[in-house]
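In what follows, a single structure is set out as structure tokens and then discussed.
No lab work stands behind these numbers, since they all come straight from the coordinates. Treat the numbers as computed from the prediction; the structure is a model and nothing was measured. Using ideal geometry, Cβ is built from the backbone for each residue, glycine included, and neighbour counts are taken over all protein chains shown.
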Amino acid sequence: MFEALRPLVSSIIDSNKTPDAKMQDICELLKANVPHYDWVGFYFKNGDKRELKLGSYAGAHTDHTIIPYGKGICGQVAESNQNFVVPDVQAQDNYIACSITVKAEIVVPLFVNGENIGQIDIDSNTPDPFTKADETFLEFVNFEVAKIL
Ligand code: SME
């Protein structure tokens, strides 16, 4: 599945759209084609503030458009620069719930010139669905998106 999606991600990156429209297309592509992806979005560092701001996303509306560094899974990744795989969100103390249907989450940081400037965030309604294959694929997606930022 992920191998088939890679060239589709690359063709979105190479398309004739704005960066925001490309990221929107990627969110929709991933949500529509990966059965365990129920919400897909990008968060980015908000100027020089120590907070994340929601960018493109596909899935339910969220009130969490601004997340301070250190808060929730997203805010922790902004500080750790590491992938964060959460098999069971209920087992996390520092977690910001978006929807009661969400069971698991993965956040992968996005680097431009070695700097952690944002992240891709996936919520899943399936318990413990993420493997190393998700991490490798999402690192690829972020590497591609970094080219247009
Ligand atoms: N659950 C995230 C908040 C963002 S929503 O999933 C869209 C967190 O704990 O950082």
Lysines near LYS132 by alpha-carbon distance under 24 Å, same-chain residues fewer than 8 away left out - which ones? LYS31, LYS103, LYS147
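For the chain, what is the mean residue ellipticity at 222 nm derived from helices alone (per DSSP H run of n ≥ 4: -39500 (n - 2.57); sum divided by total residues; nearest 500 deg cm²/dmol)? Let's see the in-between values first.
Working: 4 runs with 51 residues, N = 149.
Counting only the DSSP helices, I get -11000 deg cm²/dmol.
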Label model pair LYS132, GLU115: point-to-point distance (7 angstrom along the Cα→beta-carbon line) in nm is 3.3 nm
Give, rounded to the nearest 20 debye, the magnitude of the charge dipole that segment 1-146 has about its Cα centre when Lys and Arg contribute +1 at Cβ and Asp and Glu contribute -1 at Cβ. 240 debye
10 Å-binned pair-distance histogram of segment 43-128 (Cα, whole percent): 18, 55, 25, 2
Euclidean distance of C-alpha centroids, segment 23-61 and segment 119-149, integer Å: 10 Å
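Going by a ≥ b ≥ c, the root eigenvalues of the Cα gyration tensor, does segment 6-56 fall in the rounded group (a/c under 1.5), the prolate group (a/b larger than b/c) or the oblate group? It would help to have the intermediate numbers written out before the result.
Numbers: a/c = 3.04, a/b = 1.40, b/c = 2.17.
Since a/c reaches 1.5 but b/c is at least a/b, the shape of segment 6-56 is classed as oblate.
Please give the direction-averaged projected area of the C-alpha convex hull for the chain, in square nanometres with one decimal. Show your work: numbers first, answer last.
Working: hull surface 32.3 nm².
For the chain, averaging the hull's shadow over all directions gives 8.1 nm².
Please report, ordered by residue number, every helix of the chain (full DSSP H runs) that is 18 Å or longer along its axis going by C-alpha atoms and whose mean Kyte-Doolittle hydropathy reaches 1.0. Mind showing how you got there, number by number?
Numbers: long enough: 19-33 (21 Å, -0.45); 132-146 (21 Å, 0.14).
The qualifying helices: there are none.
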Residues whose placed amide H lies under 5 Å from that of TRP39, excluding near-sequence neighbours: ASP123
